[in-house]
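Here you go, one structure.
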Amino acid sequence: MHITALAGGVGGARFLRGVRHHLHSTEQLADTTVTVVGNTGDDITLFGLRVCPDLDTVLYTLGDGVH
């Protein structure tokens, strides 16, 4: 199975963490892949550095960098 989710920010990250946990804990769904389409509407460049708050939050949360 393949799941595509629209997500961004803290709420989206928590939702995706829950989806991932459910998929890994259910044997029949263990081979499911999840694709995330992230929000880029709030992205900004400051002093030459690209800041993507929604994408960063999702990536850090799913990578266990945020508790």
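Looking at the structure I just gave you, is H67 surrounded by fewer than 10 Cβ atoms within 10 Å (Cβ to Cβ), touching a strand residue (DSSP E or B) at 6+ places or on another chain (Cβ under 7 Å) and not β-branched (V, I, T)? Even if it seems obvious, please write down each step before you answer.
On the way: surrounded by fewer than 10 Cβ atoms within 10 Å (Cβ to Cβ): yes; touching a strand residue (DSSP E or B) at 6+ places or on another chain (Cβ under 7 Å): no; not β-branched (V, I, T): yes.
The answer is no for H67.
Does L55 meet the test of being open to solvent by 50 Å² or more (accessible area, probe 1.4 Å) and modelled with pLDDT of 95 or more? Quick ask: steps written out before the conclusion?
Numbers: open to solvent by 50 Å² or more (accessible area, probe 1.4 Å): yes; modelled with pLDDT of 95 or more: no.
No, not satisfied.
Quick one: L6 ticks every box in (1) open to solvent by 90 Å² or more (accessible area, probe 1.4 Å); (2) more than 13 Å from the chain's Cα centre (by Cα) bar one, so which box is it?
Status for L6: all satisfied but (2).
The values are calculated or read from the model by the stated rules, or taken from the named source; none is laboratory data. As the structure is a prediction and not an experimental result, all values here were calculated from the model. Using ideal geometry, Cβ is built from the backbone for each residue, glycine included, and neighbour counts are taken over all protein chains shown. Ligands, DNA and RNA are excluded from the accessible area calculation, which covers all protein heavy atoms including side chains. Shrake-Rupley method; radii C 1.70, N 1.55, O 1.52, S 1.80 Å.
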